[in-house]
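This report concerns only the one structure given below.
We did not get these values from a lab; they are worked out from the coordinates using the rules stated. Just so it is clear, the model here is predicted, and its values are computed rather than measured. Using ideal geometry, Cβ is built from the backbone for each residue, glycine included, and neighbour counts are taken over all protein chains shown.
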Amino acid sequence: MSAATPGDEQPSAPAAPQSGAPATLPVQSWSPGEDVIEVTRTPAPGAARGTWRTFRETVRGMKTTLGRMVEAPTTVQYPEEKTAVYPRFRGRHKLHRFEDSDPTHPSLEKCVGCSLCAAACPADCIRVVAAENTPENRVSAGERYAAVYEINLSRCIFCGYCEVACPFDAITMGHDYELSDYDRADLIFTKEMLLAEPLERTPLRNEGE
Amino acid sequence: MTTPLAQVGFYEAWWVQILKAIVIFAVGLQLVPVVLLAERKVLGRFQARYGPNRVGPYGALQPLADIVKLLTKEQFRPTTSVGVLFAVAPLISILTAVAAFAIIPFGNVQHIFGERVGLYGVDLSIGPLYLFAFGAMAFYGIMLGGWSSGSKYSFLGAMRGAAQLISYEVSQGLALVGVIISAQTLSLTGIVTAQKGMWYLVPQFFGFLIFLTASFAETNRAPFDLTEADAELVGGYNTEYGGGRFASYYFAEYLNVLVVSGIVTTIFLGGWLLPFGIHPPGWVDPFVVLFKMSLITFLFIWVRATLPRLRYDQLMSFGWKVLLPLATLNALVTAVLVVVTH
């Protein structure tokens, strides 16, 4: 395989023998490599042999499909059984709160209303209106908080630039992918919807699955 | 002996014939939705999926849902279509399929309530010829439907159908000649009783293969479904059809599958006979036939799940250059053997 005859490559120089001086062979014979699979082509079969080959190959094909029949279906029964996603799957956004305050009243939001996510968004689907925190009404950890935080999920392209842009990890991409609705207006998610835990958790894919 | 066209093997009282017709078709036509569902389920399994499983338990009501959907749809036709023929063509298809169903024997003559009743629609002395006559007429259903639609896709499908059905009918008929020579009769019940010693599947194995292959083409099933090649012709001859008329075509296709299964069962698999000298009581016969038919129907589905569609020139050269010489050779060899051994 590797030792291709140079005579085939260079019919113009048959006079120079291969075993002679290497200087007379300006071009080394090229080898396609050890891992090349050789395809053997037989001459085209005649009528009888062709018929037999067609029949034999048909039977071989039928055997293959019958073998598939005894295997279990690979279908995921979707509405009942959800497709598992990878941990870094970019689904519906989530807004986050700090976790360390006491459970009697809602903890502080991480979002400080800086609008960097809205600036980074290539689809222009995030709208943030910031307001000042006051000692009576303290919503976030910073000076300001997001009074309005809306994501239009019918425009979102799920690129994840918003979570990259966020300096406080306040917005991340979640795992929800069931985002269809009957009304476009229902796809504009407000801050309360993004802060809330999703009703149903999307199953995660196992390691190596 | 003086009947000009055909003799009927066995006469019954007129009311028995009417009752028999109703029972056979009431049962026979219920088989079509079963085959429809079976095809989708089995095809699903071949492709590692479930098939329909939403309507009813295990999707059992899927054919019913399909039929209701199709029948409640609007009847429409393209402005370029030829009205009368457009409406009549599906009827021809379904009529020929139902007519061919009449000659499949589900059992021998039985004594039911003191009457002697043959478990078949009619036992003709020209059984296979009757089948081919209606097979040739079924071609008008496809041809007229495709042509009168006034659509290019339909027309191409009809043209292909015309050439295909004519080409393969020759091989189909010749493949049966071997059996007919051996059985010395054209009556289908006669052919079944001639298989008492051995089913014709064994001595006529090549005839069986040729007949089966030609039947795939005659019923427009994969891999010979060029008339409705979805990938090239949208839907072929029935592109412009919808609603009840499309349902008729669909129904005729599956009924044709059943008819061919029945004919193969009768001619090559010994009809209602069981091997190893088992002689069950008469009421078992129809179930034996139905079981054998289901095996052949499974083979139809299996082939559909396996083989890719032929190209048109491959179809033609296969039909004329391979199948026809093989069928002729089969008939010739059988004839010589019968003459030599008798």
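From the backbone phi of the range A:152-169, what are the Karplus-calculated ³J(HN,Hα) couplings (6.51 cos²θ - 1.76 cosθ + 1.60, θ = phi - 60°) in whole Hz, Gly and Pro given as x?
Computed from phi, the couplings for the range A:152-169 are 8, 6, 7, 9, 4, 9, 6, 7, x, 5, 5, 6, 5, 6, 5, x, 10, 6 Hz.
What would the Debye equation give as log₁₀ I(q)/I(0) for the range B:128-229 at q = 0.15, 0.17, 0.23 Å⁻¹, counting only Cα atoms as equal point scatterers?
For the requested q values the scattering log ratios are -0.66, -0.78, -1.13.
Report the charge-dipole magnitude of chain B in Debye, nearest 20, computed about the Cα centre from +1 at each Lys and Arg Cβ and -1 at each Asp and Glu Cβ. Each step should come with its number before you reach the end.
Numbers: 20 positive and 16 negative charges, 126 e Å.
Roughly 600 debye, rounded to the nearest 20.
So for the range B:223-340, averaging the separation of alpha carbon pairs under 8 Å that are six or more residues apart and normalising by length, what relative contact order in percent results? Walk me through the intermediate numbers first.
Values: 58 pairs, mean separation 33.8, N = 118.
Taking the mean separation of contacting Cα pairs over the length of the range B:223-340, I get 29 percent.
With 23 Å as the limit, write out which pairs from B:LYS69/B:LYS292; B:LYS292/B:LYS321; A:LYS110/A:LYS191; B:LYS20/B:LYS73; B:LYS196/B:LYS321 have Cα-Cα distances beyond it, or answer none. Mind showing how you got there, number by number?
On the way: B:LYS69/B:LYS292 32 Å; B:LYS292/B:LYS321 31 Å; A:LYS110/A:LYS191 12 Å; B:LYS20/B:LYS73 33 Å; B:LYS196/B:LYS321 35 Å.
Violating the 23 Å Cα-Cα cut-off are B:LYS69/B:LYS292; B:LYS292/B:LYS321; B:LYS20/B:LYS73; B:LYS196/B:LYS321.
Could you grab the relative contact order for chain B? Cα pairs under 8 Å, six or more apart, rounded to a whole percent. Show your work: numbers first, answer last.
Numbers: 509 pairs, mean separation 78.9, N = 342.
After rounding, I find 23 percent.
Using a 10 Å cut-off around each Cβ, can you sort A:HIS93, A:HIS175 from fewest to most neighbouring Cβ atoms? Don't jump to the answer; show the numbers that get you there.
Numbers: A:HIS93 24, A:HIS175 20.
Starting with the residue having the fewest Cβ neighbours, the order is A:HIS175, A:HIS93.
Order of A:LYS110, A:LYS94 from fewest to most other C-beta atoms within 10 Å?
On the way: A:LYS110 22, A:LYS94 18.
Going from least to most buried by this count: A:LYS94, A:LYS110.
Over all directions, how big on average is the projection of the convex hull of the alpha-carbon atoms in the range A:127-170, in square nanometres? Present the calculation step by step, with values, prior to reporting the outcome.
Working: hull surface 14.0 nm².
Over all viewing directions, the range A:127-170 projects a mean Cα-hull area of 3.5 nm².
So what's the projected area for the range B:260-342, the Cα convex hull averaged over all directions, in nm²?
Numbers: hull surface 32.2 nm².
If I average the Cα hull's projected area over directions, I get 8.0 nm².
Give the residue list of chymotrypsin sites (Phe, Trp or Tyr not before Pro) in the range B:65-171 that are DSSP loop and have at most 13 other beta-carbon atoms within 10 angstrom. Can you show the working numbers first?
On the way: sites: B:PHE76, B:PHE86, B:PHE101, B:PHE106, B:PHE113, B:TYR120, B:TYR130, B:PHE132, B:PHE134, B:PHE139, B:TYR140, B:TRP147, B:TYR153, B:PHE155, B:TYR168; in loops: B:PHE76, B:PHE106, B:PHE113, B:TYR120.
Counting only loop positions with at most 13 other Cβ atoms within 10 Å, the chymotrypsin sites (Phe, Trp or Tyr not before Pro) in the range B:65-171 are B:PHE76, B:PHE113.
On the principal axes of its Cα set, how long, how wide and how thick is the range A:26-101? Give whole Å, largest value first.
Projected onto its principal axes, the Cα set of the range A:26-101 covers 83, 54, 17 Å.
If R₀ is 51 angstrom, what is the calculated FRET efficiency for the pair B:LEU337 and A:ARG127, using the beta carbon separation as r and rounding to 0.05?
Working: r = 89 Å, r/R0 = 1.74.
The formula returns an efficiency of 0.05 here.
Taking the alpha-carbon distance from A:LYS94 and a cut-off under 17 Å, which aspartates and glutamates remain once sequence neighbours fewer than 8 residues away in the same chain are dropped?
Partners found: A:GLU109, A:GLU150, A:GLU163, A:ASP169, A:ASP176, A:GLU178, A:ASP186, A:GLU192, A:GLU197, A:GLU200.
Using Cβ contacts closer than 10 Å as the measure, can you line up A:CYS159, A:CYS114, A:CYS121 from fewest to most? Mind dumping the intermediate values first?
Numbers: A:CYS159 14, A:CYS114 18, A:CYS121 21.
In increasing order of surrounding Cβ atoms, one gets A:CYS159, A:CYS114, A:CYS121.
Does chain B come out rounded, prolate or oblate, given a ≥ b ≥ c as the square roots of the eigenvalues of its C-alpha gyration tensor, rounded meaning a/c under 1.5 and, failing that, prolate meaning a/b above b/c?
Working: a/c = 1.57, a/b = 1.30, b/c = 1.20.
In terms of gyration-tensor shape, prolate.
Helix by helix, which DSSP H runs in chain B go 27 Å or more along their axis at the Cα atoms and have an average Kyte-Doolittle hydropathy of 0.5 or more? Each step should come with its number before you reach the end.
Values: long enough: B:14-46 (47 Å, 1.37); B:83-101 (29 Å, 2.32); B:127-148 (32 Å, 1.16); B:152-183 (46 Å, 0.90); B:243-268 (37 Å, 0.99); B:285-306 (32 Å, 1.42).
Flagged H segments are B:14-46, B:83-101, B:127-148, B:152-183, B:243-268, B:285-306.
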